[in-house]
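The values are calculated or read from the model by the stated rules, or taken from the named source; none is laboratory data. Just so it is clear, the structure is predicted and the values come from calculations on it, not from any experiment. Cβ sites come from the backbone with ideal geometry, for glycine too, and all protein chains shown count toward neighbours. Protein only, heavy atoms only, side chains kept; ligands, DNA and RNA dropped before computing areas. Shrake-Rupley method; radii C 1.70, N 1.55, O 1.52, S 1.80 Å.
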Amino acid sequence: MKIVILDAYAANPGDLSWEPMKQLGELTVYDRTPAAPALIIERIGDAEVVFINKVRLTDDIFAACPNLKLVSILATGYNIVDLAAAKRRGITVCNVPGYSTRAVVQMTFALLLEICQQVGLHSGAVHTGRWQTCPDFCFWDRPLIELDGKTMGIVGYGAIGSAVGTVAQALGMKLLVTARHEKPVPEGARFVSLPELLAQSDV
């Protein structure tokens with residue numbers, strides 16, 4: 001079996017190994033593939049399996065690569081693949097919806113804590129000596145916001161939304177949730193309409 005990874009760098013900038021995949025077949029890895037259909041077709045060649053991250057696969061590409069049996073997207077979305085064309089040609093398309101849950105939760109709170117604490121701003125001020133010259137023991141340039149007691153509204157309550165909610169509650173936040181379909185929420189949280197969530201949420 002021939003396996004091709006067309007844009008490996010986005011998923012693995014060097015901290016992981018593709019070696020275990022070599023046990024599954026003949027593996028060719030490209031860090032990046034420009035959005036040029038002719039090059040994409042050339043690189044897929046007669047492979048049966050292709051892994052992509054952001055490279056677009058169209059019906060024309062599928063037509064030129066008749067050996068393809070599987071397209072695996074190294075990300076969460078399907079928007080880069082012509083699904084109707086893949087289905088028509090019997091090509092299975094899959095993704096990895098759970099790969100980024102923890103990373104997205106971490107980034108969510110990194111950004112939220114930066115808004116609340118202004119760590120970057122205050123670090124810069126301290127490094128220029130402003131705290132040393134401050135007449136008070138305490139020093140801040142902007143109001144600091146505590147998350148404890150604030151209300152977080154989460155729109156969409158799948159794996160990522162529920163994981164964000166868990167951390168929010170651990171920080172003492174109240175939790176409001178809305179989604180297309182009502183879902184169970186943890187103790188202390190409430191499922192509400194979108195207008196109510198927007199009206200009552202601090203975050």
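Students sometimes get this wrong: rank Asp136, Asp141, Asp7 by accessible area, probe 1.4 Å, all chains present, largest first.
Result, largest first: Asp136, Asp141, Asp7.
To the nearest 10 square angstrom, how much accessible area does Thr76 have with a 1.4 angstrom probe?
Answer for Thr76: close to 60 Å² accessible.
Gain in length, Ile41 to Thr92, computed as 0.36 nm per residue apart minus the alpha-carbon separation, to one decimal in nm?
16.6 nm
Largest first and in whole Å, what are the equivalent-ellipsoid semi-axes of the chain based on the Cα gyration tensor, each being the root of 5 times an eigenvalue?
45, 25, 14
Using +1 on the beta carbon of Lys and Arg, -1 on that of Asp and Glu, and nothing else charged, what's the dipole of the chain about the Cα centre, debye to 20?
Value, rounded to 20: 400 debye.
Gaussian network model of the chain, Cα springs within a sub-10 Å range: biggest mean-square fluctuation belongs to which of Phe139, Phe62, Phe51?
It is Phe139.
Quick one: which residues, 5+ away or cross-chain, put their amide H under 5 Å from the amide H of Thr151? H built at 1.01 Å from N.
Those qualifying (amide H under 5 Å, at least 5 residues apart or on another chain) are Lys174, Asp202, Val203.
Order Trp140, Trp131 by their accessible area, 1.4 angstrom probe, all chains in place, largest first.
Highest to lowest solvent-accessible surface, that is Trp140, Trp131.
For Ala179, list long-range residues whose amide hydrogen, built 1.01 Å from N in the peptide plane, is under 5 Å from its own amide hydrogen.
Amide H neighbours of Ala179, under 5 Å, 5+ apart: Gly156.
Counting only protein chains, not ligands or nucleic acids, how are Ile91, Ile115 ordered by accessible area (probe 1.4 Å), most first?
Ile115, Ile91
Which listed residue (Phe139, Leu70, Gly172) has the Cα farthest towards the positive end of the charge dipole for the chain, taking +1 on Lys and Arg C-beta and -1 on Asp and Glu C-beta about the Cα centre?
Comparing the listed Cα positions along the dipole, Leu70 ranks first.
Starting from a Cα-only point model with no solvent, please compute log10 I(q)/I(0) by Debye for the stretch 105-172 at q = 0.18, 0.24, 0.28 1/Å.
Results for the stretch 105-172 at q = 0.18, 0.24, 0.28 Å⁻¹ read -0.75, -1.03, -1.24.
Using 32 Å as the Cα-Cα cut-off, could you pick out the over-long pairs in Lys2/Lys183; Lys22/Lys183; Lys2/Lys54?
Lys2/Lys183; Lys22/Lys183
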